[in-house]
């Protein structure tokens, strides 16, 4: 059982030291550019020229690649099979019995794969280099509701605990003779005695957690302070705006008819 | 420091009162234990003293509770928090999960109260040192053992420097080692002086060793209120389900079987038991 559901990988890197909002802006830019720019190559270019170098700078490239391929590979296989072979019309590259491989289908599959890789790597780049509490602090400092920030943070920490409890209940019910394996109806019947105690025990927890929160003055109205301090620089503030402006310009160009490449 | 007058409380949708005409005073700096069988009203009393009754659990309430010069019912919870600390049973549920590190968890209450950062850093370190978790400040709270989590919960409350500390069975889910860890912290706190402690605890050996005074509850009413040796010895309290320490039980058996003729009250602590069993009458009997 891991202690946290967060992907955050603490490293001593300059990229880690960036303000969470800067990293959020970069990842959002990678995601939007990767998904929004048309054609086959822009998404891959964004991945190889932006996401990967930043991951290397942040010393998380190996973790990033390790997490990207299990997500991208199944997509790649199914996309190539379905789009490559099942494509109305188009240029035939190779024929395999009754079906044939189409160039346009392959191109579409490649473009879709590029988008997935760019979006997943953007998400991972942010998650791997940004502590969740730092990100939430950066957001609440700018008016994000503290209650939602709390829900995000506590969920990250509770999920492993929840999984452990589910496993305990599963073992307990099995030891009383509950059959949890076999054909589907039997598995469905086993669901109720597993889910009910999980939900009931969690409801009891909620009450105690609410008391624990109130005992720390969580709902107090007034000025609050923070132990965690985020470092921001004028350069990063400018860079964030630049990212937004450039992104808007590029996307604008793409969607303005007649100018698009 | 604490003044309870004719407190009666019933939870919503219940026909019987959980507390019935309870009155007592606790002077500042006293270590007061509350004992009693299940459903005696011990947890309800803890909630009433810390303000969760009537601010969190609504119900039918009468009488008055004054803690640290504040009328609890008339004071908002947030104002009570800095003065009255509450630690309860389940170590895990007291970790708010609002922060990712032990240090952050301890500081969370102060953040909400708006304590300046410089003060927070000093107070967090003090609190962690007090409970012996200094080396784990940067860990995730979820990585700690049950005993460590309970000490973290204690640190998170102590860091707010409450005048009154209320503990509701803080060791019930801990193993003997975890129990010892928590009581070691309490002993240190009592030694430092100043804090008024209300401790609900089933482990009577610890109560006998630590408390200045024991209040026994049964059926929502106070049935005994005296020094530990008197309450833990009393047949009335035992009959009401309070129980007795192993020392008392052993000494009582010894006396019943005429193994010991030592006079006076039965022991409730190890030291008292040693004195009881090493008194001359036992030696003579064995000889």
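Values quoted throughout were computed directly from the atomic coordinates according to the rules given, and no laboratory measurement underlies them. Small disclaimer: the values here were computed from a predicted structure and weren't measured. Neighbour counts are summed over all protein chains in view; Cβ atoms, including those assigned to glycine, are modelled from backbone coordinates with ideal geometry.
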Roughly how many nanometres apart are two label points built 7 Å out from the Cα toward the Cβ at residue B:60 and residue B:212? 3.6
Largest-first principal axis extents, alpha carbons of the range A:143-222, Å: 56, 23, 16
Let's test the formula: R0 of 56 Å, r as the Cβ-Cβ distance of residue B:275 and residue A:17. What FRET efficiency results, to the nearest 0.05? 0.30
Measure off 7 Å from each Cα along the Cα-to-Cβ vector at residue A:73 and residue A:103, then give the distance between these two points in nanometres to one decimal. 3.1
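Given the -39500 (n - 2.57) contribution per DSSP H run of 4+ residues, what per-residue ellipticity at 222 nm results for chain A, rounded to the nearest 500 deg cm²/dmol? Write down the numbers at each step before the final one.
Values: 10 runs with 178 residues, N = 261.
It comes out at -23000 deg cm²/dmol, rounded to the nearest 500.
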Debye equation applied to the C-alpha atoms of the range B:1-124, log10 I(q)/I(0) at 0.09, 0.11, 0.17 Å⁻¹: -0.31, -0.46, -0.98
Which of the peptides A:76-85, A:49-58 is most tightly packed, and how do the rest follow, judged by the mean count of other Cβ atoms within 10 Å per residue? A:49-58, A:76-85
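How many partner chain Cβ atoms sit within 10 Å of a residue's Cβ in peptide B:74-81, on average, as a whole number? Please list the in-between numbers first.
On the way: counts 0, 0, 4, 7, 8, 2, 3, 6.
If you average over the peptide's residues, the count of other-chain Cβ atoms is 4.
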Sites residue B:79 and residue A:159 - FRET efficiency at Förster radius 41 Å, r taken between beta-carbons, to 0.05: 0.75
On a 0 to 90° scale, report how tilted helix B:146-158 is relative to the longest principal axis of chain B, with both axes built from alpha carbons and the result rounded to the nearest 10. 60
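Write down the Å³ per residue value for the convex hull defined by the alpha carbon atoms of chain A.
Details: hull volume 55.5 nm³, N = 261.
Once divided by residue count, the hull of chain A is 213 Å³.
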Inter-label distance for residue A:254 and residue A:41, nm, one decimal - labels placed 7 Å from Cα along Cα-to-Cβ: 1.6
Measure nothing but the geometry: give the 0 to 90° angle between the long axis through the Cα atoms of B:117-131 and the longest principal axis through the Cα atoms of chain B, rounded to 10°. 20
Inter-part distance where the range A:59-78 and the range A:173-212 are each reduced to a Cα centre, Å: 33
Need the full-extension length gain, residue B:258 to residue B:145, defined as separation in residues times 0.36 nm minus the C-alpha distance. One decimal, nm. 36.1 nm
0 to 90° range, to nearest 10: angle between helix B:246-256 axis and chain B longest Cα axis: 10
Just need the relative contact order of chain A here, percent rounded to a whole number, with Cα pairs under 8 Å and 6+ apart. 29
What number, rounded to the nearest 500 deg cm²/dmol, is the helix-based mean residue ellipticity at 222 nm of chain B, given -39500 (n - 2.57) per DSSP H run of at least four residues and division by all its residues? -12000 deg cm²/dmol
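How big is the antiparallel share of DSSP beta bridges in the protein assembly as shown, given as a percent to the nearest 5?
Numbers: 23 of 40 bridges.
Of those bridges, close to 60 percent are antiparallel.
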